[in-house]
Amino acid sequence: MIPNKYFIIDFDSTFTKVEAFDVLAEICLSDNPERESIQRQIAEITNQGMDGSLSLRESIEKRIQLLSPHKRHLGHLIEKLKSLVTDSFQRNKDFFNTHKDHVFIVSNGFREFIEPVVTEFGIKKENVLANEFRFDDSGKVIGFDTENPLSANNGKAEQIKKLNLDGDIYVIGDGYTDYEIKHSGLANKFYAFTENIERERVVTKADHIAPSLDEVLYLNKLNTNISYPKNRINMLLLEGVHPVAIELVKAEGFTVESYPAGLDEDELCEKIKNVSVLGIRSKTQVTAKVLANADRLMAIGAFCIGTNQIDLAAATKKGVAVFNAPFSNTRSVVELAIAEMIMLIRNIVDKSNKMHKGQWDKSAKGSFEVRGKKLGIIGYGNIGAQLSVLAENLGMKVLYYDKEEKLALGNAVKCKTLKELLSQSDVVTLHVDGRESNANFIGVHEFALMKKGVIFLNLSRGHIVDVKALRENILNGKVAGCAIDVYPYEPISNDEEFVSELRGLPNTILSPHIGGSTLEAQENIGNFVPGKIMDYINTGSTSNSVNFPNLTLPTLENAHRLIHIHDNVPGILAKINNVLAAHGINIVGQYLKTNEHIGYVITDINKEYDKEVIKGLRSIEHTIKFRVLY
């Protein structure tokens, strides 16, 4: 560190995630019947002291009176606080050890519980400046040292003045008392620390808002544990992804903006310019034009199964990794398919509609059991295979057709041709992907091959079925019942009218693309997709990426990781290694995988290296993207 640069750090809600007095209250009041009321009073007093609306000394006195703490409580408090050190402080423990002569903890809290926590990070005891309790002979806290400047308003500024530090002073804290140091003219800069709590009055006074310690170290070129602060990585989540996903990425430190609906192409072109990670569901179209405007985009997360709404070729060419959730909503789609085929084969839809009109139509005509019927599954992937198992348990005979070789589950029978499946099946259900070549996969010819009275389901993609042909076959009775969850065009939000030729048809179930829309499925997806994106950003791992070569990488330890994405042409690996050799770089580990379009090289190197090597690697011909992790 530059010798004349000092960091003054607050303890409560900065070094730790909590206010120590709030935790002490939980301990002291564990058996007190008025615990909740007193805790609320403590929290309110704490906030009043932090925002400056209550004098500090009065705040301390009132909290001690309410708690009546004892020495025996402090041991429990210290252990609890050690487990609640702020995440970014834990990540950067090396910083405190390396620069311990230049780091001070200055707090209006108490030395008795602060010192044991911060000294474990290498901070010197003499650099811990805080209040001190006064105890009676029994160990009960009866007060505090009122001569200590830190027990009074503007005490932190007075304490810093006494230190007489010769150099630049930077203050990191979440409270008004931290700002007072800068206001007194004793600090060069005040960082409002918001990782744990954001106080509006304090933030407005700050020179810079610091969502983490990583941000402060990055600005001062003192990063020791990360390549780039997560708060500088902007994530845009569209179409109302599950709250658990938002919680996960915010906890990771990303700056997150979320919308309940999708955006059209022009809106997304504008919005994506400063976005590093984009999260979507099935409605948002990520076109080549959108990607052309995405100068900072690293990854796209599709919070669904399909990815045909993303121009994968353009994303790959741009060096943007795409991840989806191929398994997370499988069960939900399968259950809907089972429910709909039973409803349709029993003709429940029409009977229900009549009942709503006051018509009592008690009759078995046109109603059948699914047991013994032949179910034709087109597409035997994750959904088709699980549907096969459940349908067989219902007593159905399962046929399936897939262009790829798939292992039959249970007693399912593979059909060699689509014609073979369509001509035998009582129920036909579609579970194929949305590639362009599958457009109108089921049309006039295919409906002609089906049995009269067939039940037809499409829960895959809208453009796979010729809707006009489907309508004609419903009206002429060839299709006795139909359930459609996907459409060639789908409204971009719930405010847009749904327009379709299928509206109003007999024994037809229309649902608004909700095959995977159960709380369980959306929560599963909300957990799965962010995990893959964070693995990619944090380690470079591309496991389950739909467009990148799949690499699962070991944890990075005591090294820097160089990530090189390039066009898949001969000789790139040799050029990478030539650059490394020219700069005397020792390779700790190296991993290479390619697909048809790109090559993906991961190189772990010793921490010490000539920075010019980065320029050399970026300038290799055919490089698409390059980044460094450490």
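Number of Lys-Lys pairs in segment 233-323 under 14 Å by Cα, sequence gap 8 or more or different chains?
Summing the qualifying lysine pairs gives 5.
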Exercise. Considering only segment 5-219, what is the antiparallel percent among its DSSP beta bridges, to the nearest 5?
Worked result: 20 percent
For this session: May I ask you to order 138-148, 469-479 by the average number of other C-beta atoms within 10 Å around their residues, highest value first?
Result: 469-479, 138-148
For this session: For segment 594-622 and segment 259-336, compute the distance between their C-alpha centroids and round to whole Å.
Result: 27 Å
Exercise. Once every DSSP H run of n ≥ 4 in the chain is given -39500 (n - 2.57) and the sum is divided by its residues, what mean residue ellipticity at 222 nm do you get, rounded to the nearest 500 deg cm²/dmol?
Worked result: -10000 deg cm²/dmol
Exercise. For ASN4 and THR518, what does the FRET efficiency come to when R0 = 45 Å and r is the distance between their Cβ atoms, rounded to the nearest 0.05?
Worked result: 0.15
Seminar exercise, completed: Hydrodynamic calc, the chain: Kirkwood Rh from Cα pairs, then Stokes-Einstein at 20 °C with viscosity 1.002 mPa s, so D in µm² s⁻¹ is 74 µm²/s
Seminar exercise, completed: the chain: antiparallel bridges as % of DSSP beta bridges, rounded to 5, reads 30 percent
Problem set entry | Between 0 and 90°, nearest 10: helix 35-50 axis offset from the chain longest Cα axis | 70 degrees
For this session: Enumerate the lysines that LYS365 could reach by cross-link, defined here as Cα to Cα under 27 Å, with residues fewer than 8 away along the same chain left out.
Result: LYS351, LYS354, LYS357, LYS373, LYS374, LYS397, LYS451, LYS452, LYS478
For this session: With a 10 Å radius around each residue's Cβ, average the other Cβ atoms per peptide and rank 523-536, 376-389, 308-321, highest first.
Result: 376-389, 523-536, 308-321
For this session: Distance from a point 7 Å along Cα→Cβ of LEU409 to each backbone N in segment 334-378: keep the residues under 14 Å and list them by number.
Result: 334-338, 377-378
For this session: Could you state, as a whole-number percent, how many of the C-alpha pairs of segment 1-120 are farther apart than 22 Å?
Result: 38 percent
For this session: Please work out the Cα center distance from segment 137-156 to segment 395-439, rounded to the nearest Å.
Result: 77 Å
For this session: Kindly express, to the nearest 10 degrees and within the range 0 to 90, the angle between helix 572-582's C-alpha long axis and the longest C-alpha principal axis of the chain.
Result: 20 degrees
Exercise. Once Lys and Arg get +1 and Asp and Glu get -1 on their Cβ, which of CYS415, THR146, PRO229 lies farthest toward the positive end of the dipole of the chain?
Worked result: CYS415
Seminar exercise, completed: Excluding residues fewer than 8 positions from LYS125 in its own chain, the aspartates and glutamates with Cα under 19 Å of it are ASP10, ASP12, GLU79, ASP94, ASP101, GLU112, GLU115, ASP145
Exercise. Could you give the angle, 0 to 90 degrees to the nearest 10, between helix 382-393's Cα long axis and the longest principal axis of the Cα atoms of the chain?
Worked result: 60 degrees
For this session: Run a plain Debye calculation on segment 330-517 (Cα atoms as equal point scatterers, no solvent) and give log10 I(q)/I(0) at q = 0.09, 0.10, 0.17, 0.19 Å⁻¹, rounded to two decimals, same order as the q list.
Result: -0.30, -0.37, -1.12, -1.41
Exercise. If the cut-off is a Cα-Cα distance under 18 Å, which aspartates and glutamates reach LYS532, setting aside same-chain residues fewer than 8 apart in sequence?
Worked result: GLU247, GLU252, GLU523
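Read-outs: derived from the displayed coordinates by stated rules, not from any lab. No experiment lies behind these values; they were computed from the predicted model shown. Cβ coordinates were reconstructed from backbone atoms using ideal geometry, including for glycine residues, and neighbour counts include every protein chain displayed.
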